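A short write-up of the structure that comes next.
The values are calculated or read from the model by the stated rules, or taken from the named source; none is laboratory data. In this text, all values refer to a predicted model and were calculated from it rather than measured experimentally. Positions of Cβ are generated from backbone atoms using ideal geometry, with glycine treated the same way; all protein chains shown enter the neighbour counts. Note: accessible area is taken over every heavy atom of the protein model, side chains too, but ligands, DNA and RNA are not part of it. Shrake-Rupley method; radii C 1.70, N 1.55, O 1.52, S 1.80 Å.
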Number of protein chains: 2
Amino acid sequence: MGIAERKTREKQVLRERILDASRRIVMREGFAALSMRKIADAIEYSPATLYLHFENRDEIARALCMEGYAQLLESLKPHLSIADPAERLKAIWRAYVAFGVEHPQTYRLVFMEDPTYVGAAFESAAQDGDDAGEAAFRLVADALDEMKAQGRLPASADSNVWTEALWATMHGIVALRLTCPVFPRTPLDTVVDAALDAWLGDCSAHTGKAATPPRKRVTRAAPPAKKAKPSSSS
Amino acid sequence: MGIAERKTREKQVLRERILDASRRIVMREGFAALSMRKIADAIEYSPATLYLHFENRDEIARALCMEGYAQLLESLKPHLSIADPAERLKAIWRAYVAFGVEHPQTYRLVFMEDPTYVGAAFESAAQDGDDAGEAAFRLVADALDEMKAQGRLPASADSNVWTEALWATMHGIVALRLTCPVFPRTPLDTVVDAALDAWLGDCSAHTGKAATPPRKRVTRAAPPAKKAKPSSSS
DNA sequence: GTCTATAATTTGATAGAC
DNA sequence: GTCTATCAAATTATAGAC
């Protein structure tokens with residue numbers, strides 16, 4: 001069956017070229033500027049050909065979302081193996097935000113455009129039954145549970161609630177950068193670190209080495225802690 | 001000059017009708033569905049007439065943004081006079097989130113569509129020289145400074161950074177509701193409260209009456225605090 | 001599989017009559 | 001001030017030749 005396989009392989013190649021061109025357009029001009037004609041021009045095929053590989057523009061968009069989400073996951077992967085749960089979470093979320101600001105149009109397409117797109121991205125990367133969204137959610141929730149078990153988070157903290165809130169915080173940081181660059185803004189890293197501190201705060205318990213200084217809010221008296229925080233934007 | 005005044009008044013009336021119709025379309029179908037023709041049909045005028053009152057579609061969008069932002073500010077106003085800075089901030093941000101989820105298309109138009117729109121909204125409501133964005137920012141930053149002065153926030157907390165981070169957090173909560181309704185989600189109020197607690201946390205110092213129980217994260221040992229948190233979504 | 005050609009819409013915006 | 005009529009340009013999507 002070599003002939004049939006070559007044909008499907010060639011078909012696959014063109015599919016990839018279509019997605020490549022689409023990705024370039026989206027990254028350069030944003031999703032709103034993505035049209036079938038523009039894609040066709042870019043790959044030097046007729047618009048009609050696109051419909052042999054994708055049902056419509058929406059299917060191309062969904063494919064791009066799956067790609068983009070996979071790319072995001074890939075950028076998080078190096079940090080998943082960090083032993084300490086707090087450091088793991090901080091590294092993951094820093095990478096998450098970095099991805100968002102470095103690939104604004106991709107991030108926007110996946111998370112800020114159509115509610116169905118992120119759903120498509122999640123369902124696509126299904127592993128062991130449940131989708132990639134669930135898996136990512138668990139990843140964070142489990143780390144929070146670890147911290148709770150170590151007494152580094154309040155026992156009253158619901159890890160599901162905190163996961164959602166933590167995600168919302170980081171998403172908000174990215175989203176504001178993308179659509180509301182209005183204020184004389186704080187460097188990105190400074191805001192991210194402040195947020196991570198607020199949520200994961202003083203995580204030096206059980207680590208012994210007091211790596212993260214307890215830059216924690218006070219309960220009774222004002223602490224003598226004084227820490228300037230210069231930081232570089234992305 | 002009664003005649004001229006009547007004419008400008010009548011002109012103003014039509015301008016309002018255009019904006020009314022536009023607002024309805026945006027609220028019902030979203031900003032993407034707002035077209036000059038649709039507006040003209042709604043008010044039973046010809047499309048050409050619209051151009052006598054607005055230069056183009058973008059100017060209508062900006063006008064809607066100014067309206068929407070003013071509406072948001074209005075919904076925050078009742079809480080600005082709360083004496084306690086922590087309670088004030090919490091009330092303000094709860095109202096902010098509530099506005100966002102109750103007016104999704106308006107919120108989306110102002111904060112999630114075009115970067116220039118939110119700028120227009122801010123500059124429009126200029127008071128005493130600086131724009132409404134600056135004013136709102138100060139509002140939050142000042143409250144944070146109050147809390148800091150009372151020793152209820154760490155002295156190391158930069159109120160400008162925290163303001164931006166706090167805004168990002170609340171914006172993220174709203175934005176995720178609008179564009180990523182994917183998970184079996186936590187009730188809105190629960191997430192908002194968790195976030196407010198994480199940022200403003202145990203604020204019972206100096207209030208005497210211990211109104212807010214110290215649902216704070218631990219530093220050394222696990223606290224006996226146990227608090228179930230049932231809450232209603234909006 | 002790929003193309004040409006085109007249908008069918010929808011869009012923002014304007015010229016000129018009244 | 002308002003309308004009719006229309007332009008010029010996009011868009012998605014398809015029919016049918018090759």
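Give me a count of the residues in region A:171-204 that are within 7 Å of chain B (Cβ to nearest Cβ) and either β-branched (Val, Ile, Thr) or open to solvent by less than 20 Å² (accessible area, probe 1.4 Å) (or both).
So the answer is 17.
Would you mind stating whether B:Phe54 is crowded, with 18+ Cβ neighbours inside 10 Å, within 16 Å of DNA strand D (Cβ to nearest atom) and at pLDDT 95 or above?
Taking the combined requirement at face value, the residue satisfies it.
Out of the residues in region B:95-126 that are outside any helix (DSSP H, G or I) and hydrophobic (A, V, I, L, M, F, W, C), which is nearest to B:Gly30 (Cα to Cα)?
Top of the filtered list is B:Met112.
With the condition kept exactly as written, say whether any residue in region B:64-80 is within 16 Å of DNA strand D (Cβ to nearest atom), farther than 17 Å from B:Phe137 by Cα and outside any loop (DSSP other than H, G, I, E, B).
The answer is no; no qualifying residue exists.
Being open to solvent by 20 Å² or more (accessible area, probe 1.4 Å) and either within 15 Å of DNA strand D (Cβ to nearest atom) or outside the structural domain of A:Asp114 (by TED's automatic domain parsing) (or both): is that true of A:Ser46 here?
yes
Has region A:130-140 got any residue that is within 13 Å of chain B (Cβ to nearest Cβ) and farther than 17 Å from A:Glu164 by Cα?
Looking for residues that are within 13 Å of chain B (Cβ to nearest Cβ) and farther than 17 Å from A:Glu164 by Cα, one finds at least one in region A:130-140, hence yes.
If B:Pro78 meets every condition in (1) over 16 Å from B:Thr106 (Cα atoms); (2) over 21 Å from the mean Cα position of the chain (by Cα); (3) loosely packed, with under 12 Cβ neighbours inside 10 Å apart from one, which number is that one?
It fails just one condition, (2).
Yes/no per residue for (1) without any contact (Cβ under 8 Å) to a residue 24 or more places away in the chain; (2) within 14 Å of chain A (Cβ to nearest Cβ); (3) surrounded by fewer than 19 Cβ atoms within 10 Å (Cβ to Cβ):
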residue: B:Ala91; (1), (2), (3): yes, no, yes
residue: B:Gly100; (1), (2), (3): no, yes, no
residue: B:Pro104; (1), (2), (3): no, yes, yes
residue: B:Met112; (1), (2), (3): no, yes, no
residue: B:Ala120; (1), (2), (3): no, yes, no
residue: B:Ser124; (1), (2), (3): no, yes, yes
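Of the numbered conditions (1) within 21 Å of A:Pro115 (Cα to Cα); (2) away from DNA strand C (no atom under 15 Å from the Cβ), A:Ser35 satisfies every one except a single condition; which is it?
Here A:Ser35 meets the rest and fails (2).
Scan region B:4-20 and report the pairs whose first residue is modelled with pLDDT under 90 and whose second residue is within 16 Å of DNA strand C (Cβ to nearest atom), with Cβ atoms within less than 8 Å and a gap of 6+ or a chain change.
The qualifying pairs are B:Lys11/B:His53.
Conditions: (1) facing chain B (nearest Cβ under 10 Å); (2) at pLDDT below 95. A:Thr163 meets all but one. Number of the miss?
Here A:Thr163 clears every test but (2).
Kindly provide the set of residues from region A:1-40 that are more than 27 Å from A:Glu102 (Cβ to Cβ), within 16 Å of DNA strand D (Cβ to nearest atom) and open to solvent by 60 Å² or more (accessible area, probe 1.4 Å), ordered by number.
A:Arg37
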